[in-house]
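The values are calculated or read from the model by the stated rules, or taken from the named source; none is laboratory data. This one's a predicted model, so the numbers in the text were calculated from it and none came from an experiment. Ideal geometry is used to build each Cβ from the backbone, glycine not excepted, and the neighbour counts take in all protein chains shown. Side chains included, ligands, DNA and RNA excluded: accessible areas come from the protein's heavy atoms. Shrake-Rupley method; radii C 1.70, N 1.55, O 1.52, S 1.80 Å.
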Amino acid sequence: MSKSLGNFLTLRGACPHSKDVRAYRFLVMSSQYSKPLSFTPDAMSAAKNSLKRIDKVMTQIETALSENDNNNNIINDESGSPSSLIVQQGVVPKAMEQFEMALLDDLSMPRASASLFSLIKAAEKELKRGFAVASSSSSSPTDDKVPMDLVGLHSIAAALRRMDTVFGIFYNVPLTEEEQKQAAAAAGTMEHSDDTSPIETVPEEVMVLVTQRTEAKQAKDWDLADSLRTRIAELGFVVKDVKGGDPVVTRSES
């Protein structure tokens, strides 16, 4: 492998954009350390899609928990304790046991990754069911009309964060120098628009999330900052950090 043969790739070349950095980290961390790593566009694309899936679930869980924080949307069992099918089925303990066994087995990260995605799959199933119940006209908390399992989802989110102490993927990647220049240029374009051109206004809801994200970053709460950025993206906007200045918020292209 050498530059002269054209098969040499630097890390900067492999991750030209900030969004590529987390994908590369997940690709490496979910691979077996004792075997050669095949770095291909398809492998990076798969890693990006995996992160999108993980980020989406974490954001949906956090949103569901925050929206129901002041609501009595938790059904109790006969003993008065919160009823949770996820807890009753032992979903989290099983996944954590498999995760730890994978680590003890010569750091089998592919198996550890599979344990992580068993929790993602369980959360996706419950979120889909819970959202369907919430949109249903019936409010009877019986059978398939039981509200979303917030207790179970909270336990899944906590387990994912524990797993992340190994994977290290829940963090916000700073923009590259080129991306910072593009963000600054975009901000300058908006500031110097002529009066006849319509100026994009950012909804108050989005700006509140941007402010909360800035505060989370200042407090070094990277998990919260990353989830807020994902929530902003789901609302159709992109937030870009500018070194030494306020973040730039623009509507996403797609």
Long-range amide H partners of PHE237 with built H, under 5 Å: SER252
Computed lengthening from THR211 to GLU67, 0.36 nm per intervening residue step minus Cα-Cα distance: 50.0 nm
At R0 = 22 Å, FRET efficiency that the Cβ-Cβ distance of ALA233 and VAL166 yields, to 0.05: 0.30
Violating pairs (Cα-Cα greater than 25 angstrom) within the set LYS19/LYS56; LYS19/LYS121; LYS128/LYS220; LYS52/LYS240: LYS128/LYS220
Label-point gap, in nm, between GLU124 and GLN218 - each point 7 angstrom along Cα→Cβ: 3.8 nm
HIS154 accessible area, assembled protein chains, probe 1.4 Å, Å²: 110 Å²
Cut-off 12 Å between beta-carbons: net charge of the residues surrounding LYS121, Lys and Arg +1, Asp and Glu -1: +1
List PHE237, PHE8, ordered by accessible area with a 1.4 Å probe, largest first: PHE8, PHE237
Label-point separation in nm, ALA132 to THR201, each point 7 Å along Cα→Cβ: 3.9 nm
